[in-house]
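A.B. asks: Supplied in structure tokens, the structure appears directly below.
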Amino acid sequence: MASSPITIPVIHFNDVYEMTRSVKTAKNFRLTDDEGKLHDNFDHVIGFSRKIEEIRESWTGKQQEGVGKKREGLLLFSGDIFSPSVESTLTEGRNMVHLMNELAPDACVPGNHEFDFSRERFNQLVESCNFPWVLSNAEEQTKDGWTTLKYLHRYTVLEAGPDEQKLRIGIIGLISADTVSKTNSQARGTFRLCEPNSNENEEMKKKCMKLAAELRGEPEKCDLVFALTHGVFDEDIDLGKHANCYTVGDFSSLGKGVLKDTPGIDLILGGHDHEYFLGKGVKLIETTFPEGKRDPAKTQGALDNDDGLL
């Protein structure tokens, strides 16, 4: 008897820079109204939080707070939230810690702007977070040798789905060579990418495949592996090709034995570029952008029923 499909809802967001509505331009936007009161545009931030909670509550079985909370779905973030913004300039990112702690994402990967105020400030902000930051392909040198950056996780494993059909999902976090090149130079000097003998364009792919194999084996025994990335679009596409992010049609054509032994990851959720893109596998993406050109009609603009939040 065939088992029924399992649906795991995922909310994903990235690159939170601007706290203003898109209808306002930098030239005419006012922080205060004619009476000197704070402009109500900041309700937009609250609206984003409310929208996430509304979506979460629509999932079968509401999220439960605290350690070991029940997850019907996942909230994931792909970097760049501590900076830049007017508020972050004043608080050095602290204002966004409060917001993110309220949202309580299941996992995040840092972006280059997380380090804008120095590596020391990054450590302080991450230490104050009540959710995991995951960075799998960078390491720092300590007295005990090279290890995962302080306060960060090499990976995290979550259980999500209906009670009777829980899946173990491994989450890895990857930053690309482009991201490292755009990171604060002082902070960049405190860590390195994990495959020092690799070409920088190959490093992210090698680490991804090694960790995916590790997570699918003992003791984690993950059913799925997701990659949160912070890199330019082309780097994500290259990663998808290398990590066997096939289309649904490709997976359907594989036999169960082949599918079981296929290495790689199941989903890439990327940040760094500021364009919408939803792909169903590497083949679709390859045909969507001939000669490497983006099609703005397919990658940008409002999404259906986004309530003006995107």
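The values are calculated or read from the model by the stated rules, or taken from the named source; none is laboratory data. From a predicted model like this one, the values you see are computed outputs, not experimental measurements. Glycine also receives a Cβ, built like all others from the backbone with ideal geometry; neighbour counts cover every protein chain displayed.
A.B. asks: Using the structure shown, decide if Val157 is out of contact with any Pro (no Cβ under 8 Å at 6 or more places or on another chain), aliphatic (A, V, I, L, M), at pLDDT 95 or above and surrounded by fewer than 17 Cβ atoms within 10 Å (Cβ to Cβ).
C.D. replies: Yes: the conditions hold for Val157.
A.B. asks: I need the full set of residues from the stretch 105-127 which are in a loop (DSSP other than H, G, I, E, B) and of a type outside the set (S, T, N, Q), in order please.
C.D. replies: Pro105, Asp106, Val109, Pro110, Gly111, Asp116, Phe117
A.B. asks: Which one is nearest to Leu74 (Cα to Cα), of the residues in the stretch 89-144 that are of a type in the set (Ser, Thr, Tyr) and in contact (Cβ under 8 Å) with a residue 12 or more places away in the chain?
C.D. replies: For the stretch 89-144, the residue satisfying everything is Ser136.
A.B. asks: Going by the structure shown, is Ser83 at pLDDT 80 or above and either part of a helix (DSSP H, G or I) or under 24 Å from Glu275 (Cβ atoms) (or both)?
C.D. replies: Spelling it out, Ser83 is indeed at pLDDT 80 or above and either part of a helix (DSSP H, G or I) or under 24 Å from Glu275 (Cβ atoms) (or both).
A.B. asks: While we're looking at this one, here's another question. Could you look through the stretch 228-255, keep only residues that are of a type outside the set (Gly, Ala, Ser) and in contact with a His (Cβ under 7 Å, 6 or more places away or on another chain), and pick out the one that is modelled with the lowest pLDDT?
C.D. replies: Taking the candidates together, the pick is Val232.
A.B. asks: Quick check: anything in the stretch 231-244 outside any helix (DSSP H, G or I), more than 20 Å from the chain's Cα centre (by Cα) and touching a residue at least 40 places away in the same chain (Cβ under 8 Å)?
C.D. replies: So the first thing to find is which residues in the stretch 231-244 are outside any helix (DSSP H, G or I), and the list is 231-232, 243-244.
Now restrict to residues that are more than 20 Å from the chain's Cα centre (by Cα): none.
No - not one qualifying residue is present in the stretch 231-244.
A.B. asks: On the given criteria, is Ala212 of a type in the set (Gly, Ala, Ser) and more than 25 Å from Thr91 (Cβ to Cβ)?
C.D. replies: The answer is yes for Ala212.
A.B. asks: Taking Ala177, is it at pLDDT below 95 and either of a type in the set (Lys, Arg) or in contact with a helix residue (DSSP H, G or I) (Cβ under 7 Å, 6 or more places away or on another chain) (or both)? Write out each step before concluding.
C.D. replies: Numbers: at pLDDT below 95: yes; either of a type in the set (Lys, Arg) or in contact with a helix residue (DSSP H, G or I) (Cβ under 7 Å, 6 or more places away or on another chain) (or both): yes.
It is true that Ala177 is at pLDDT below 95 and either of a type in the set (Lys, Arg) or in contact with a helix residue (DSSP H, G or I) (Cβ under 7 Å, 6 or more places away or on another chain) (or both).
A.B. asks: Would you confirm whether any residue within the stretch 188-195 is among the β-branched types (Val, Ile, Thr) and within 19 Å of the chain's Cα centre (by Cα)?
C.D. replies: No; the residues of the stretch 188-195 include none that is among the β-branched types (Val, Ile, Thr) and within 19 Å of the chain's Cα centre (by Cα).
A.B. asks: Please state which one of Gly93, Gly170 is out of contact with any Lys or Arg (no Cβ under 6 Å at 6 or more places or on another chain), buried (at least 22 other Cβ atoms within 10 Å of the Cβ) and at pLDDT below 95.
C.D. replies: Gly93
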